[in-house]
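In what follows, a structure is listed as structure tokens, so that the remarks can point back to it.
Derivation of every value follows stated rules applied to the coordinates shown; laboratory data play no part. From a predicted model like this one, the values you see are computed outputs, not experimental measurements. As a convention, Cβ positions derive from the backbone with ideal geometry for all residues, glycine included, and neighbour counts pool all protein chains shown.
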Amino acid sequence: MDTPDGGVASAFRAPRPGAGPVRKLYQVKGRRNIRASERDVAWGSFNTGDCFILDLGQTLFVWCGARSNVLERGRAQELAAAIRDGERGGKAGLEIVVDGEEPPEMLQVLGPKPTLQEGSPEEDAVADQRNAGAAVLYKVSDATGRMDLSPVATSSPFSQSLLCPDDCFVLDHSAGGKVYVWKGRKANEQERQAALRVAEEAIARMGHPPHTQVEILPQGRETPLFKQFFSNWK
């Protein structure tokens with residue numbers, strides 16, 4: 001599968017050309033180890049204990065559940081602002097939405113709001129533990145005589161210093177439906193070409209769902225969702 005740098009595709013299907021407008025939903029959950037994960041764009045993905053970012057391209061809505069904690073609210077706003085500034089050139093609108101005060105633009109996309117699943121503070125503590133182990137960082141290596149993945153770190157947040165410009169890395173966040181392929185600017189051509197293939201083979205070998213997405217990130221073009229797995233990204 002040929003996926004351009006900075007592009008996203010299913011692990012097993014090439015992206016469709018001429019994709020429609022941006023329409024994504026991210027759940028922001030946790031307390032000490034907060035993570036954002038992409039969810040289906042539907043009210044069924046929401047609950048009252050977390051924050052959600054509805055990304056419609058020209059506008060990002062940060063929806064805060066009635067029982068969400070202040071750290072989730074702050075992190076959701078930071079992430080939405082980073083998407084606006086880093087991916088939309090600072091030109092997208094950003095609106096904070098209180099549970100129960102949804103604007104017509106949200107309802108037009110999501111439909112009438114049903115009774116949502118209740119959230120609880122106890123879930124955030126469980127999410128912190130789950131989030132720490134939900135991502136694994138691998139290095140693309142030929143140490144075994146063939147290109148494969150070698151584990152580098154198994155608990156996030158990772159140190160940014162682990163990403164050596166001479167190499168390519170794979171960040172597996174299959175729990176969130178995504179695998180990132182990071183290409184160092186000084187990595188040799190063999191590694192750069194092999195990185196995507198090795199990631200796809202690993203996805204199949206690990207039994208990840210077929211809808212798992214692979215995102216290619218050249219060094220210097222990292223997205224906010226990728227950076228969230230690293231401490232003190234600079």
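Things worth noting here:
- Between D40 and E101, the simple spin-label model (points 7 angstrom out along Cα→Cβ) gives 3.0 nm.
- Each residue, R197 and T223, gets one label point 7 Å from its Cα in the Cβ direction; the gap between the two is 2.5 nm.
- Placing a label point 7 Å from the Cα of L116 along the Cα-to-Cβ line, the residues of segment 47-70 whose backbone N sits under 18 Å from it are 47-56, 60-70.
- Inter-label distance for D166 and E189, nm, one decimal - labels placed 7 Å from Cα along Cα-to-Cβ: 2.0
- Straightening the chain between V22 and A132 buys 36.7 nm, computed as 0.36 nm per residue apart minus the Cα-Cα spacing.
- The length gained on full extension between S231 and M206, counted as 0.36 nm times the residue separation minus their Cα-Cα distance, comes to 6.3 nm.
- Straight-line reach from K29: taking Cα to Cα under 20 Å and skipping same-chain neighbours fewer than 8 places apart, the lysines in range are K178, K227.
- Two-site FRET efficiency, S155 against V70, from Cβ-Cβ distance with R₀ of 22 Å, rounded to 0.05: 0.30
- DSSP-loop trypsin sites (Lys or Arg not before Pro) across segment 68-108, with at most 10 other Cβ within 10 angstrom: K91
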